[in-house]
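The values are calculated or read from the model by the stated rules, or taken from the named source; none is laboratory data. Quick caveat: nothing in here was measured; it's all calculated off a predicted structure. When we count neighbours, we look across all protein chains shown, and the Cβ atoms used for this are built from the backbone with ideal geometry, even at glycine. Note: accessible area is taken over every heavy atom of the protein model, side chains too, but ligands, DNA and RNA are not part of it. Shrake-Rupley method; radii C 1.70, N 1.55, O 1.52, S 1.80 Å.
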Amino acid sequence: MENTQPNNPLHGVTLQLMLEQLVAYYGFDTLGELIKIRCFNHDPSIKSSLAFLRKTEWARKQVEALYIKTLPKF
């Protein structure tokens, strides 16, 4: 039995890849306006944002939702 999830757009996508693509598309300025979290608005970096998002489920869910919404534009 093959272990695939054809209807899950997040399957196989790491949080780091998701964040890197969103930052490349929107930039931290716009990302901080779309998702109001401190790690996007004050001294932003991929490393600090990943640390926060890995610990904070509600923020990670917002990033995942934005990624899914933006996916057709990539």
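List of remarks:
- Among residues of the stretch 10-21, those that are surrounded by 13 or more Cβ atoms within 10 Å (Cβ to Cβ) and not acidic (Asp, Glu), counted: 7
- Single residue of ALA65, ALA24, ALA59, ALA51 found to be open to solvent by 80 Å² or more (accessible area, probe 1.4 Å) and among the small types (Gly, Ala, Ser): ALA24
- Test: SER45 is among the small types (Gly, Ala, Ser), open to solvent by less than 90 Å² (accessible area, probe 1.4 Å) and within 10 Å of the chain's Cα centre (by Cα): no
- Which listed residue, of LYS36, LYS73, is open to solvent by 90 Å² or more (accessible area, probe 1.4 Å), free of Cβ contacts under 8 Å to residues at least 24 places away in the same chain and out of contact with any Pro (no Cβ under 9 Å at 6 or more places or on another chain): LYS36
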